[in-house]
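J.: Here it is, the structure, as structure tokens.
Each reported figure results from applying straightforward, stated rules to the coordinates on display, with no laboratory input. Owing to the predicted nature of the structure, the values given are computational and were not obtained by experimental measurement. So basically every Cβ, Gly included, is an ideal-geometry build from the backbone, and we count neighbours across all protein chains shown.
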Amino acid sequence: MMVRVPKLAAAQLAAALRDSITRLNRRLRQARPMGDLTITQLSALTSLELSGALTPRELAEIERVQPPTLTKIVAKLEDRGLVQRSPHPTDGRQVILAASESGRAVVAEHRRTRDEWLAKQLTALTPEERDVLTKAAEILGRIGRSA
């Protein structure tokens, strides 16, 4: 059964999408494996896993945190062996941060757990609804890359 949705003005659609994405993101965070990593630590570790290696300043900018806050986050990740430091290749005053093999495994496990939760939710949808979400995922991806 196809659900008819009234056409919304751009501002209304923006608010509806924001609310829906926020709720879904909250549920996905709740689906993550229990552990002692905070959301902030996991976010920083994921940024390193995706980027390969970053300076602390670059990571702070990506995570939108102040450098002193990032220092604390990285210290906790390093203590757990999830992040490694190496000398900067051209600037002796800087270091490069990268996810360790253990850190990449933690990110993969969190990703797998959330994907399993979401896949289970998607099985309850009709094929038509999944088709709509397939198109929506492509469009949202495009919006996310344009920012």
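J.: Based on Cβ point charges of +1 for Lys and Arg and -1 for Asp and Glu, what charge dipole magnitude is obtained for the chain about its Cα centre, in debye rounded to the nearest 20?
T.: Dipole of the chain, to the nearest 20 debye: 440 debye.
J.: Another question about this same structure. For every other residue with a beta carbon closer than 15 angstrom to the beta carbon of residue 63, add +1 if it is Lys or Arg and -1 if Asp or Glu, then tell me the sum.
T.: +1
J.: Treating only the Cβ atoms of Lys and Arg (+1) and Asp and Glu (-1) as charged, compute the dipole magnitude of segment 35-118 about its Cα centre; round to the nearest 20 debye.
T.: Numbers: 11 positive and 12 negative charges, 31 e Å.
With Lys and Arg at +1 and Asp and Glu at -1, about 140 debye.
J.: Could you calculate the contour length gain from residue 113 to residue 145, that is, 0.36 nm times the residue separation minus the distance between their Cα atoms, to one decimal place in nm?
T.: 9.0 nm
J.: Additional query: Can you tell me how much longer the chain between residue 138 and residue 14 gets when fully stretched, taken as 0.36 nm per residue apart minus their C-alpha distance, in nm with one decimal? Mind showing how you got there, number by number?
T.: Working: separation 124, 0.36 × 124 = 44.64 nm, distance 1.66 nm.
Difference between extended and current length: 43.0 nm.
J.: Restricting to Cα pairs below 8 Å that are 6+ residues apart, what does the relative contact order work out to for segment 1-132? Please round to a whole percent.
T.: For segment 1-132, the relative contact order is 27 percent.
J.: Describe numerically, in nm with one decimal, the distance between label points set 7 Å from Cα along Cα→Cβ at residue 62 and at residue 38.
T.: 1.9 nm
J.: Only one of the values (i) 1.19; (ii) 1.39; (iii) 1.06 was calculated from this structure for Rg/Rh (Cα atoms, Kirkwood Rh); name its label.
T.: Read-out from the structure maps to (iii).
J.: Treating cross-link reach as a plain straight distance, find the lysines whose alpha-carbon is under 30 Å from the alpha-carbon of residue 135, omitting any fewer than eight places away in the same chain.
T.: 7, 120
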